[in-house]
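Notes for the one structure printed next.
The values are calculated or read from the model by the stated rules, or taken from the named source; none is laboratory data. Nothing here was measured: the structure is a model prediction, and the numbers come from that model. FYI the Cβ positions are ideal-geometry reconstructions off the backbone, even for glycines, and counts take in every protein chain you see.
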Amino acid sequence: MLNDSRTLAWFALGAAGALWGCGASFAPYNELSDFRLLAVRAEPPTLAPGGTSRLDALVYDPSGPLEPADPSTTYSWSWCPVRLGAAGAYECALSEADLRAELAAAGVSADALSFDLGQAPSATFAYPLDPTILAALCSQSSGPPGGDAAGVLHCESGFPVSVGLSVTKGDKTISGTKTVYLALDGAAPRNANPLVTGLAIAPAKGQAVDAEPLLAVEGTDGEGAYVTTLSRTYELFADVPETAAETFFGTTAAGVAPREQREVLFMTWFIEGGSTASGHTTFYAGTAGFERLAHNTWTLPQPEEFARDHARVILVLRDNRGGVAWLERDVVVVKP
């Protein structure tokens, strides 16, 4: 069992840093205008001992859908056991060399361990350590569920490691992180990514049964695409199966035994122009149903504010256990 106070101190430092404040809010988060990293996905989001997960990213490029083969775009993937928060510039709490040394001091060989996951548009992340080591770290640096004390690791969904990605296009670089959970028990139930399978549109006050499905961005050349008019309002209806909100056993507060519950789902409605009634919608069992999660209203910009003849809608669906899904759709835009 790993029992080195220096290693635990590093984990405590990282956990404390991750709790420090959030960034300031500026323009509505869901309005797209510049090169952005919108989401990072792991498939599967919870990794079994000995398993691997495929990592990919949703990148927005205002000039059009980002082609992975674009030579001007580069990727850099890495992981670390725990990352510092905003005050620490989200750097890894310890270096690869430090982690190897700490593991060696505990009698664990880690010669093949590497934080580097490559420079391809997607990456493969393999379960990096023996689950008994991770379980020991969780038991020695843990606290009550929902607690926010420094040094606390929350391992209810597995050991949380941080995957980092930097994407560069020309002189612009965007970065983000993604938590991947390492299951401590190979037989334990694991999370799956949610699903968003379609998006339909209708004129203002229209109903879902009358809405027309939108085409995928890569299949849109103008022919057959839905035609919208600038300055007008439209109803958007996402297709999200109710099975996307999985049932699981988990603890939600200190002193409360694990109980059966449904995942919370969060949808972000990214748009290239105009505004939506809500930037985010939610499914929360017993409070906010799927009809609230899957519906939004989109008002297109004024003619003088939008010069393109197409506009994209990008949906990003997340669950509260690290699952991510997305979908991109396109409409033709004309003047009144």
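Among the residues of segment 300-308, is any in contact with a Ser or Thr (Cβ under 9 Å, 6 or more places away or on another chain), at pLDDT 95 or above and surrounded by 22 or more Cβ atoms within 10 Å (Cβ to Cβ)?
Yes, because at least one residue in segment 300-308 is in contact with a Ser or Thr (Cβ under 9 Å, 6 or more places away or on another chain), at pLDDT 95 or above and surrounded by 22 or more Cβ atoms within 10 Å (Cβ to Cβ).
Could you identify the single residue in Pro189, Pro160 that is assigned to a strand (DSSP E or B) and of a type outside the set (Gly, Ala, Ser)?
Matching residue, one of Pro189, Pro160: Pro160.
So, of the residues in segment 80-100 that are surrounded by fewer than 16 Cβ atoms within 10 Å (Cβ to Cβ) and not charged (D, E, K, R), which turns out to be farthest from Leu182 (Cα to Cα)?
Ala87
Output the residues belonging to segment 47-73 that are at pLDDT 90 or above and over 14 Å from Arg36 (Cβ atoms).
Across segment 47-73, the qualifying residues are Leu47, Ala48, Pro49, Gly50, Gly51, Thr52, Ser53, Arg54, Leu55, Asp56.
List every residue pair whose Cβ atoms sit under 6 Å apart, with the two residues 6 or more apart in sequence or on different chains, where the first one lies in segment 89-101 and is in the same structural domain as Ser114 (by TED's automatic domain parsing) and within 19 Å of Leu165 (Cβ to Cβ) and the second, anywhere, is modelled with pLDDT under 85 and among the small types (Gly, Ala, Ser).
Ala93/Gly14
With the checklist (1) within 22 Å of Tyr181 (Cα to Cα); (2) surrounded by fewer than 17 Cβ atoms within 10 Å (Cβ to Cβ); (3) touching a residue at least 60 places away in the same chain (Cβ under 8 Å) in hand, flag the one item Gly118 doesn't pass.
The failed condition is (3).
Taking the condition of being more than 17 Å from the chain's Cα centre (by Cα) and of a type in the set (Asp, Glu), how many residues in segment 32-58 meet it?
The number of residues fulfilling the criteria is 1.
With in the same structural domain as Val316 (by TED's automatic domain parsing), surrounded by 16 or more Cβ atoms within 10 Å (Cβ to Cβ) and either of a type in the set (D, E, K, R) or at pLDDT below 95 (or both) as the only criterion, which of Glu260, Glu235 stands out?
Glu235
Can you confirm whether segment 268-278 contains a residue that is charged (D, E, K, R), in the same structural domain as Gly206 (by TED's automatic domain parsing), in contact with a strand residue (DSSP E or B) (Cβ under 7 Å, 6 or more places away or on another chain) and surrounded by fewer than 21 Cβ atoms within 10 Å (Cβ to Cβ)?
Scanning segment 268-278, I find no residue that is charged (D, E, K, R), in the same structural domain as Gly206 (by TED's automatic domain parsing), in contact with a strand residue (DSSP E or B) (Cβ under 7 Å, 6 or more places away or on another chain) and surrounded by fewer than 21 Cβ atoms within 10 Å (Cβ to Cβ), so the answer is no.
Considering each of Thr281, Thr299, Thr243, Thr228 in turn, give the residue that is touching a residue at least 24 places away in the same chain (Cβ under 8 Å), under 20 Å from Thr197 (Cβ atoms) and polar (S, T, N, Q).
Selected residue: Thr243, the only one of Thr281, Thr299, Thr243, Thr228 that is touching a residue at least 24 places away in the same chain (Cβ under 8 Å), under 20 Å from Thr197 (Cβ atoms) and polar (S, T, N, Q).
Mind checking which residues of segment 289-315 are more than 16 Å from Ala211 (Cβ to Cβ), outside any loop (DSSP other than H, G, I, E, B) and over 21 Å from the mean Cα position of the chain (by Cα)?
Thr299, Pro303, Glu304, Glu305, His310, Ala311
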